[in-house]
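Chemist: Questions regarding the structure given below will be posed in turn.
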Amino acid sequence: MRFSRAWAATGRGPYGLGEVYNDETYGKLPPLPERLLNGTFDWLTPEAAGPGSFYMPPDPVSIGGLDALNRRLARHGLALPAAFERFMASGGLNRPSSSRHGQPPEFRLADPGCRANVRLHGGRAGRGGCMETAAFDYDRDAPLEVERHRHVVTGDLTISELTYDHGAGGRARATLIVPARPNGTGVILAHGGTDDGRHFFVDEATSMAERGMTALLTAYRLPPHGDQRASADAMRTAVLTQLRGLDLLTERADRLCYFGHSGGAHLGAILSAVEPRLFALALASYGSGTLQRVAAASLPQNDPVADAYVEFMHRYEPVSYVAVPGARRLLFQHGSGDEVVYVSEGLRLFHAAAEPKEWREYPCGHDTSTPPQARADRLRLFTATPQ
């Protein structure tokens, strides 16, 4: 795997070479103070660099390539330094700090598994490259055609079983919990797995509703790995189910939030890039490289068709989505004992995400729905005062 050298280029600032564009040798570069060498690279951000300063990023490196390299190193008891992975995978660091010529900055994301780069202009998702964004377009003006199949009133809460048009030629199923006195916050709770798992989060949704939030538990299904068309259609339907669920919540809330666990967190990563209405997202128990690893483990080895399928699924790698800059807040949650989605995968996803973001780890396994502190952190995120 080849890593390109970066250009040293700054207009002003104490750590550059002035008005110079050069691939300088390290001996000619000014030394950095030890206090900056903390692995965060905060000194490269536009805020730290100051107006007029900028730098040229190295060529993007794919997350898939980093994962493959780490797997080879692991056979020898080695691993890439976390700070190195952070820099090479971060959409916030692998870009110019500002525009020298007054043009909107062009954000360059490392596009995992694809030959083309995803390009974002002015902080908004572009329609090029291999990151699937156009696949999730839909008619926002289309009627939801909500049908309530049954409901029950318990205390101050009304719980309804609904179906609505999900925008992909079918109907989504969901459970809506509405408080007697809504506080203006609406939250989607999306389960993991491959089948309807709403029941895992009814208790938490009820607890949110008791605090005045309107909660919508969505349902989706995913097919077994192996069929490109079936997986693409299912991913589109699952994401549109969440987007149309947000449309439903806008009738009752003006602050929209999202909590996704495992596969639901994967959908949330995509939403973070394509849905600007979201105030905050809690993404629990998912990571970078998880999708490809799980898919490969379920398919025949050394099979060209299986290999092509795994390569195809790179377009849904969540790193490409969470790296898209936006005003939404991201909370990444993970169990320190998770044996389904590795902590290292979760950390890679977190490090690649654009700010504002937060990482929280809990003494549990894959189930981050039950630890009291994990629930408290989600409530804190959804009720935070806008900055």
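Chemist: May I ask you to list the residues in segment 288-317 that are under 23 Å from the mean Cα position of the chain (by Cα) and in a loop (DSSP other than H, G, I, E, B)?
Modeler: Residues satisfying the conditions are SER288, GLY289, GLU317.
Chemist: Just checking, how many residues over segment 224-266 are within 17 Å of TYR316 (Cβ to Cβ), aliphatic (A, V, I, L, M) and out of contact with any helix residue (DSSP H, G or I) (no Cβ under 8 Å at 6 or more places or on another chain)?
Modeler: Within segment 224-266, residues that are within 17 Å of TYR316 (Cβ to Cβ), aliphatic (A, V, I, L, M) and out of contact with any helix residue (DSSP H, G or I) (no Cβ under 8 Å at 6 or more places or on another chain) number 3.
Chemist: Something else about it: Name the single residue, out of those in segment 156-176 being of a type outside the set (D, E, K, R) and in a loop (DSSP other than H, G, I, E, B), that is surrounded by the fewest Cβ atoms within 10 Å (Cβ to Cβ).
Modeler: We begin by selecting, within segment 156-176, every residue of a type outside the set (D, E, K, R); these are 157-160, 162-164, 166-170, 172, 174-176.
Checking the rest, the ones that are also in a loop (DSSP other than H, G, I, E, B) come to 166-170.
Details: HIS166: 25, GLY167: 22, ALA168: 19, GLY169: 9, GLY170: 11.
Ranking the candidates gives GLY169 first.
Chemist: Scan TYR286, TYR321, TYR309 and give me the residue that is closer than 17 Å to GLY193 by Cα, among the aromatic types (Phe, Trp, Tyr), in contact (Cβ under 8 Å) with a residue 24 or more places away in the chain and in the same structural domain as PRO363 (by TED's automatic domain parsing).
Modeler: Working: TYR321 fails: closer than 17 Å to GLY193 by Cα; TYR309 fails: closer than 17 Å to GLY193 by Cα.
Exactly one of TYR286, TYR321, TYR309 is closer than 17 Å to GLY193 by Cα, among the aromatic types (Phe, Trp, Tyr), in contact (Cβ under 8 Å) with a residue 24 or more places away in the chain and in the same structural domain as PRO363 (by TED's automatic domain parsing), namely TYR286.
Chemist: Still on this structure, I have one more. Inspect segment 324-346 for any residue being under 10 Å from the mean Cα position of the chain (by Cα) and under 22 Å from ALA134 (Cα atoms) and give the result as yes or no.
Modeler: Yes, the conditions are met somewhere in segment 324-346.
Chemist: How about segment 208-230: which of its residues are under 15 Å from LEU157 (Cα atoms) and crowded, with 16+ Cβ neighbours inside 10 Å? Reasoning before the result, please.
Modeler: Narrowing segment 208-230 to residues under 15 Å from LEU157 (Cα atoms): 208-217.
If the condition is that a residue be under 15 Å from LEU157 (Cα atoms) and crowded, with 16+ Cβ neighbours inside 10 Å, then MET208, ALA209, MET213, THR214, ALA215, LEU216, LEU217 are the ones that fit.
Chemist: Now for a different question. Look at PHE259 and say whether it is modelled with pLDDT of 95 or more, under 21 Å from GLN333 (Cα atoms) and surrounded by fewer than 24 Cβ atoms within 10 Å (Cβ to Cβ).
Modeler: Values: modelled with pLDDT of 95 or more: yes; under 21 Å from GLN333 (Cα atoms): yes; surrounded by fewer than 24 Cβ atoms within 10 Å (Cβ to Cβ): no.
Answer is no for this residue.
Chemist: Same structure, new question: Is it true that some residue in segment 331-354 is over 25 Å from GLN292 (Cβ atoms) and touching a Gly at 6+ places or on another chain (Cβ under 9 Å)?
Modeler: At the first step, the residues of segment 331-354 found to be over 25 Å from GLN292 (Cβ atoms) are none.
No, the conditions are met nowhere in segment 331-354.
Chemist: Go through (1) of a type in the set (A, V, I, L, M); (2) touching a strand residue (DSSP E or B) at 6+ places or on another chain (Cβ under 7 Å); (3) under 28 Å from SER160 (Cβ atoms) one by one and return the number of the condition VAL324 breaks.
Modeler: Tallying (1) of a type in the set (A, V, I, L, M); (2) touching a strand residue (DSSP E or B) at 6+ places or on another chain (Cβ under 7 Å); (3) under 28 Å from SER160 (Cβ atoms), VAL324 fails exactly one: (3).
Chemist: Just checking, how many residues over segment 318-349 are part of a helix (DSSP H, G or I), crowded, with 21+ Cβ neighbours inside 10 Å and of a type outside the set (D, E, K, R)?
Modeler: Residues flagged as part of a helix (DSSP H, G or I), crowded, with 21+ Cβ neighbours inside 10 Å and of a type outside the set (D, E, K, R) within segment 318-349 amount to 6.
Chemist: Determine which member of the set ARG315, ARG375 is more than 16 Å from PHE259 (Cα to Cα) and in contact with an Asp or Glu (Cβ under 8 Å, 6 or more places away or on another chain). Full working, then the answer.
Modeler: Values: ARG375 fails: more than 16 Å from PHE259 (Cα to Cα).
Unique residue meeting the criteria: ARG315.
Chemist: Of everything in segment 263-287, what is surrounded by fewer than 24 Cβ atoms within 10 Å (Cβ to Cβ) and part of a loop (DSSP other than H, G, I, E, B)? Give them in sequence order.
Modeler: Listed by number, the residues that qualify are GLU275, PRO276, ARG277.
The values are calculated or read from the model by the stated rules, or taken from the named source; none is laboratory data. Here the structure is a predicted model, which is why all the values come from computation and not from measurement. Positions of Cβ are backbone-derived with ideal geometry, glycine not excepted, and every protein chain shown enters the neighbour counts.
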